[in-house]
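Accompanying notes for the structure given below.
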Amino acid sequence: MPRTKPKPQARGLAEGLRFERRACKLAMIEVANKLGWSESTLSRIETGLRNASAEEVSALLAIYQVTGARRDTLIEMARDVDRPVWVELRYADVPEQAKTLAQYEADATKIVGAAVTLIPGLLQTPSYIRSLMSAGGVSPQDIPLRVDVRLQRQKVLSGERAPTLVSFIDEAALHRRIGGAIVMADQLKHLVAMAERSSVDLRVIPFDVGGHAAIDGSFVLLEFADNRPVVHVEQLSSGLFLDHAIDVEPYVRATASLDAVALDPMQSVQMIEHLAASYK
């Protein structure tokens, strides 16, 4: 039976606290000594293996001199940290869930994504990302950092232990001209290049299918060798992690349903190549 691992919100809190310590250029032993803790206690907090109370988080943030909305967010995350559902409203320059999702992607053995209106994040080109964020109302000063975070996430596909990536992409996402014809032509050619990797399967859901299991929205299902699956759903102003088996199961069934109606990998690449040529 898979051993219990930190739930998404606990993992997000751990990453946030580790980030703030490193931003202050403090070693774990220095912080632990200031609080009268052992270094192992802080290490377990920063890896999500030990939940930190709101009071402990407050003490850490005082040392890191974190105030305002950022402090409030991390302390709130410490409350009821083991909840199986983590909802985050998007106000920060880089959402906490983006960092946590990157950790999950790095640990995953398989990533299954369903994309309805947009090219999946792990397969987006820099120009596509910038155009998408600009059109989505992201402030110009925040765009470079968000682009960098997404590109850093994509490196997981090139690592020695790259997970298997299965991307179900609705045909609509291939037709939507994010950034214009040149950007889209480059984006679709990038998809074709990525599909040449043995660990990447692209599966286009053609218009002829009509309705399908992901028609209401995109999602990512992450599978692990030693832990149960986790689902991430991203929306315009919020993100959602699902960890409880009863919440994850509908997405497992959805991927099986998409597999039954999507084009096979070869047919999918042929369609993408045809559309890429049409953008020239």
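The values are calculated or read from the model by the stated rules, or taken from the named source; none is laboratory data. None of the values given here were measured: they were computed from a predicted structure. Positions of Cβ are backbone-derived with ideal geometry, glycine not excepted, and every protein chain shown enters the neighbour counts.
Within region 94-115, being surrounded by fewer than 18 Cβ atoms within 10 Å (Cβ to Cβ) and within 19 Å of residue 169 (Cβ to Cβ) holds for one residue alone: 110.
Restricting attention to region 5-56, report how many residues are closer than 18 Å to residue 100 by Cα and touching a residue at least 12 places away in the same chain (Cβ under 8 Å). Within region 5-56, residues that are closer than 18 Å to residue 100 by Cα and touching a residue at least 12 places away in the same chain (Cβ under 8 Å) number 26.
Out of 160, 223, one residue alone is surrounded by 15 or more Cβ atoms within 10 Å (Cβ to Cβ) and within 28 Å of residue 8 (Cα to Cα). It is 223.
What residue, of 173, 185, is modelled with pLDDT of 95 or more and under 24 Å from residue 198 (Cβ atoms)?
The conditions single out 173.
Mind listing whichever residues of region 152-170 are of a type in the set (Gly, Ala, Ser) and at pLDDT below 95? Result: 158, 159, 162. Determine whether residue 146 is among the charged types (D, E, K, R), more than 17 Å from residue 192 (Cα to Cα) and touching an Asp or Glu at 6+ places or on another chain (Cβ under 9 Å). Criteria met by residue 146. The sole residue among 100, 41, 73 that is at pLDDT below 85, hydroxyl-bearing (Ser, Thr, Tyr) and farther than 19 Å from residue 228 by Cα is 73.
Of the residues 240, 157, 174, 165, the single one that is in contact with a His (Cβ under 8 Å, 6 or more places away or on another chain) and in the same structural domain as residue 113 (by TED's automatic domain parsing) is 240. When 7, 34 are checked against the criterion of being of a type in the set (Lys, Arg) and within 18 Å of residue 76 (Cα to Cα), 7 stands alone in meeting it. Just one residue in the set 46, 30, 39 is under 24 Å from residue 82 (Cα atoms), over 24 Å from the mean Cα position of the chain (by Cα) and not hydroxyl-bearing (Ser, Thr, Tyr); that residue is 39.
Could you run through region 228-280 and say how many residues are among the basic types (Lys, Arg) and either within 16 Å of residue 112 (Cβ to Cβ) or modelled with pLDDT of 90 or more (or both)? Full working, then the answer.
Of the residues in region 228-280, the ones among the basic types (Lys, Arg) are 228, 253, 280.
Adding the requirement that they be either within 16 Å of residue 112 (Cβ to Cβ) or modelled with pLDDT of 90 or more (or both) leaves 228, 253.
Within region 228-280, residues that are among the basic types (Lys, Arg) and either within 16 Å of residue 112 (Cβ to Cβ) or modelled with pLDDT of 90 or more (or both) number 2.
Taking the criterion of being basic (Lys, Arg) and in contact with a helix residue (DSSP H, G or I) (Cβ under 6 Å, 6 or more places away or on another chain), the residues of region 35-74 that qualify are 50, 71. Within region 242-265, the set of residues being under 21 Å from residue 169 (Cα atoms) and either in contact with a Cys (Cβ under 9 Å, 6 or more places away or on another chain) or not in a helix (DSSP H, G or I) (or both) comprises 262, 263, 264. Just need a number here: residues in region 44-82 that are within 29 Å of residue 244 (Cβ to Cβ) and surrounded by fewer than 16 Cβ atoms within 10 Å (Cβ to Cβ). The total comes to 14.
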